Amino acid sequence: MNFLDLSKTAFHKQPSILLLASASLLCSSAYAAEDTIPNLILRAQSAIDNGQPQQATEWYEKAAAMGESPEAEIGLVRAYLQAGEFRKAIAFGNLVAAEHPDMTDTAALLAYIEDLEGQTTPALAKLTEELKKHPDDVALNAAEAEILLNRMAVTQAIQKLDDWIARNPAQGDIYLLRARAALVAGKHEDLSIWRTNAALAYEANGELESAKPLRSWLSTQGPQSAITAPTLAQKSVDEKAITPTSSRWPVHPMESFPPAEHSGNGFIIDKGRRVVTNASLVSKPNNEIWIRNGLGKIRKAKLEKTLPEQGLALLKLDTAYPKTWSLPDHSFNAPGDVHFCFVLGFPITEALEKTYPVLSPGIVVRPDTGYGGLMQVTSSLGSENSGSPIFDGSGKFIGMTLAKQEPLKGVTDRDALLGKGTFAVRANEIQKLLPSKAHSKKKPLKNKAVQGNPSVEELYENLLPTVVTIVVTP
């Protein structure tokens, strides 16, 4: 499969500024007797799991200041990632990687982040080199599988995961990724099997908290199908020693949805009070609608308005997000003379599969198709990316991707009328969804995502809170 490499487009990645070494990492101070490095790391990991990245950052920094602790340093990179501070995550991650070249967790995490920002080709190349040295490393194999699944190379991801599983003892994180691969492939019987295997593996390893959401989901599915090979019954945990330096590739620490019927994408508008998505996603009036943004924060929503001819829906949140997480009202303008663009959207997900949004670069080939306010872009996307916002190279919002299943008035053969590819509703058409008060002329607010010539990391970081996953529950 060929992957787009953002570094080869007109939108060049600028070098990250070196992260200033935190004062807490360079100086020593008096600590309480119980503040040992292992205790601080345990507290920080608990904070990560509970969605408290700032608290986790403080404890990881404190642990790192007490002495050499690669585990605290890679934990700090994860805390920056969870907090949405991608520039810090990459800059500090590179420092840790240079200081600890054999620390595979750092290499895996940096490759994963690099892919999220559209640098898929170099990310996979780095992982390939590391995997030659550490072929069974959990973090490296998991990061590679995540990237392949994010980029819809599903067959390749399944093959690599199955090869790893055949060589190694049971491992809950790898089995959970195999379940996600089954979900992306649309094989729901396999999804249940691998979630069962993941729960059993976690429990066998004493990781009971990791098993809980799986057991909760499985309890809603009724009697399970017989588990097929390779299963835990056929594989002893003592069969082979796991050789990598780390045995974990933690799932992304986001708030969990209830069990979902289907999912899609959208983005926050109206000062954090509303979300725009595809109309077909929320077409059943009695279903519950849940929203989770790129920082992992969940809200409940209700359908407020639809424009079925444009395939658009407006959702109102029960509890608003912060105003700064919203696209500004004045940004809903026609695309204009735009060539390079990128789509920011979540890969396919359900209640348990957690992932960050993925940046997919492309070109605007038709800013106006001449039909229904649609434009066409070359970004390679699956149907699950429908409802994702599209931006130009400076981070200006220009449109939203439109699912092929979205009914368009008067169109019976979409491909014959529009051609094949990714189509999007232009930003000025979406403006019709806005509450009337948002149309009044106001002094434009400054949007830090479009000032100057931002780097890829800066754009991703600034737009991360705005893009959302939407799940609809039965």
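The values are calculated or read from the model by the stated rules, or taken from the named source; none is laboratory data. None of these values were measured; they are calculated from a predicted model. For neighbour counting, all protein chains shown are included, and Cβ atoms are generated from backbone atoms with ideal geometry for every residue, glycine included. Ligands, DNA and RNA are excluded from the accessible area calculation, which covers all protein heavy atoms including side chains. Shrake-Rupley method; radii C 1.70, N 1.55, O 1.52, S 1.80 Å.
All distinct Cα pairs of the stretch 339-408 go into the 1/r average, and the inverse of that average, the Kirkwood radius, is 12.7 Å.
With viscosity 1.567 mPa s and temperature 4 °C, the Kirkwood radius over alpha carbon pairs of the stretch 126-181 converts through Stokes-Einstein to a diffusion coefficient of 117 µm²/s.
So what is the orientation-averaged projected area of the stretch 108-155, using the convex hull of its C-alpha atoms, in nm²?
On the way: hull surface 11.8 nm².
Approximately 3.0 nm², given one-decimal rounding.
How about the stretch 268-371: which GluC sites (Glu not before Pro) there are in a DSSP loop, with at most 11 other Cβ atoms within 10 Å of their Cβ? In loop regions of the stretch 268-371 (DSSP not H, G, I, E or B), there are no sparsely surrounded GluC sites (Glu not before Pro). Note on the stretch 274-401: Lys pairs 8 or more places apart or on different chains, Cα atoms under 27 Å apart, count 25. For the stretch 94-143, a simple Cβ point-charge model (Lys and Arg +1, Asp and Glu -1, everything else neutral) yields a dipole of about 120 debye relative to the Cα centre.
Calculated over the stretch 74-130, the projected area of the Cα convex hull averaged across directions stands at 3.4 nm². Ranked by solvent-accessible area (1.4 Å probe, protein heavy atoms only, all chains present), the residues H252, H134, H339 order from largest to smallest as H339, H134, H252.
Over all pairs of different C-alpha atoms in the stretch 88-205, the reciprocal of the mean inverse distance, the Kirkwood hydrodynamic radius, equals 14.7 Å.
For the stretch 248-366, rounded, prolate or oblate, judged on the Cα gyration tensor with a ≥ b ≥ c (square roots of eigenvalues), a/c < 1.5 rounded, else prolate if a/b > b/c?
Working: a/c = 1.55, a/b = 1.19, b/c = 1.31.
Oblate is the answer for the stretch 248-366, as a/c is 1.5 or above yet b/c matches or exceeds a/b.
Modelled this way, with points 7 Å down the Cα-to-C-beta line, the labels at A166 and K305 are 5.6 nm from one another.
Length gained on full extension, L95 to I363, computed as 0.36 nm times the residue gap minus the Cα-Cα distance: 93.1 nm. Each Lys and Arg contributes +1 and each Asp and Glu -1, all at the Cβ; summed about the Cα centre of the stretch 92-176, the dipole is approximately 220 debye.
3J(HN,Hα) couplings calculated from phi for the stretch 43-56 with the Karplus curve 6.51 cos²θ - 1.76 cosθ + 1.60 (θ = phi - 60°) are, in sequence order, 5, 5, 5, 4, 5, 4, 5, 9, x, 10, x, 5, 5, 4 Hz; Gly and Pro show x. The chymotrypsin sites (Phe, Trp or Tyr not before Pro) of the stretch 338-389 meeting both criteria, a DSSP state outside H, G, I, E and B (loop) and at most 14 other C-beta atoms within 10 angstrom of the site's C-beta, are Y371.
Given a 1.4 angstrom probe, I'd like the percentage of the accessible area of the stretch 338-399 that is carbon and sulfur, rounded to a whole number.
On the way: 830 of 1530 Å².
Result for the stretch 338-399: 54 percent of the exposed heavy-atom area is carbon or sulfur.
The length gained by stretching the chain between L218 and D49 to full extension, at 0.36 nm per residue less their Cα-Cα distance, is 58.7 nm.
Using the reciprocal of the averaged 1/r over all distinct C-alpha pairs, how large is the Kirkwood radius of the stretch 173-213 in Å?
Details: mean 1/r = 0.1004 Å⁻¹.
That comes to 10.0 Å for the stretch 173-213.
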